[in-house]
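The next block holds one structure in the form of structure tokens; read it before the comments.
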Amino acid sequence: MTNSKIVIKLGGGLITDKTQLKTIRENEIKAVCEVLSNILENGNSVILVHGAGSFGHLEAKKWGLATGYDSEIIEQQRDAVVKVRNDMIELNKYVLDHLEQHGILGISHPPSLWANGLGSNFHGDISRFEKNDSGTIQVTFGDVVDVMDEREFGILSGDDLMVRICNEISDISHCIFLLGDTEGIMTKPPNIEGSELIPVWSKNQKITGVHEKSQDVTGGIFLKAESASKICLKVENVWMLDGRKPERIQELIQTGKTIGTKVI
């Protein structure tokens, strides 16, 4: 299949080690970029969103950036906002550099420069992601953004960016969430014995998962599932795939099916 318009989310737990501050998973990034190069060469277009992983979540957790202004530590919080934004630019540069090594020009859109507000109703012009061709992809990521009320700042998740992009850009054929530690949505947390892949999932099915609050400030698999259930109202192919096996993206585009969870 060619001429597909694909939106891909690289999970923060796929491209970084969430337990170690600012630790890149270089092999995983390389493997995904190789697949992206093949997808573009076959005449498809891609918009890329990536998570923060250990470049954002750990510092944001330490200073309570997700909940906004705290008068007792506000100066430390403001310093942390600047630090996390700089760290995210650093992580984004790793992604852009690996794309370039595979012949792809990534055009970066740091949300702190163009978006404000939280959740999938945040304010910001999504049309910046419209222009994509055979050698260029638009790239954005979860970030600390300004909030125009007493909170002052907060975390805009890459999953919320996915909702806006997929709902507002025309003719999206595939929305794919690449996960870092599992094949898709599972019947139990992936490290529990007897956990099995759910091949087709809709939001009336309960998820039994674990949200690692010590490492993640945006909602983990629960937010991804909620975001995917909003996107599938407009986009036919919404999938959760194992990002450690990015060849499954190509299999999905070429055949319409692969190992993973289709969200309906």
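Derivation of every value follows stated rules applied to the coordinates shown; laboratory data play no part. The shown structure was predicted, so the numbers you read here are calculated from the model rather than taken from an experiment. Positions of Cβ are generated from backbone atoms using ideal geometry, with glycine treated the same way; all protein chains shown enter the neighbour counts.
What to note about this one:
- Within segment 125-142, the residues that satisfy the criterion of being part of a loop (DSSP other than H, G, I, E, B) and within 24 Å of Leu36 (Cβ to Cβ) are Glu130, Lys131, Asn132, Ser134, Gly135, Gly142.
- Residues being without any contact (Cβ under 8 Å) to a residue 40 or more places away in the chain and either crowded, with 19+ Cβ neighbours inside 10 Å or touching a Cys at 6+ places or on another chain (Cβ under 7 Å) (or both) - total across segment 134-143: 0
- When segment 48-71 is filtered for residues that are farther than 20 Å from Met148 by Cα and part of a loop (DSSP other than H, G, I, E, B), the ones remaining, listed by number, are Gly51, Ala52, Gly56.
- Residues in segment 145-175 that are surrounded by 15 or more Cβ atoms within 10 Å (Cβ to Cβ) and in contact with a Lys or Arg (Cβ under 7 Å, 6 or more places away or on another chain): Gly158, Asp159, Met162, Val163, Cys166, Asn167, Ile172, Ser173.
- Residue, farthest from Glu168 (Cα to Cα), within segment 112-127, restricted to residues that are touching a helix residue (DSSP H, G or I) at 6+ places or on another chain (Cβ under 7 Å) and buried (at least 16 other Cβ atoms within 10 Å of the Cβ): Ser112
- Any hit, segment 151-171, residues being part of a loop (DSSP other than H, G, I, E, B) and in contact with a Gly (Cβ under 9 Å, 6 or more places away or on another chain): yes
- Against the test of being in contact (Cβ under 8 Å) with a residue 40 or more places away in the chain, farther than 21 Å from Thr208 by Cα, in contact with a helix residue (DSSP H, G or I) (Cβ under 9 Å, 6 or more places away or on another chain) and among the charged types (D, E, K, R), the options Asp171, Asp146, Asp160 yield a single qualifying residue, Asp160.
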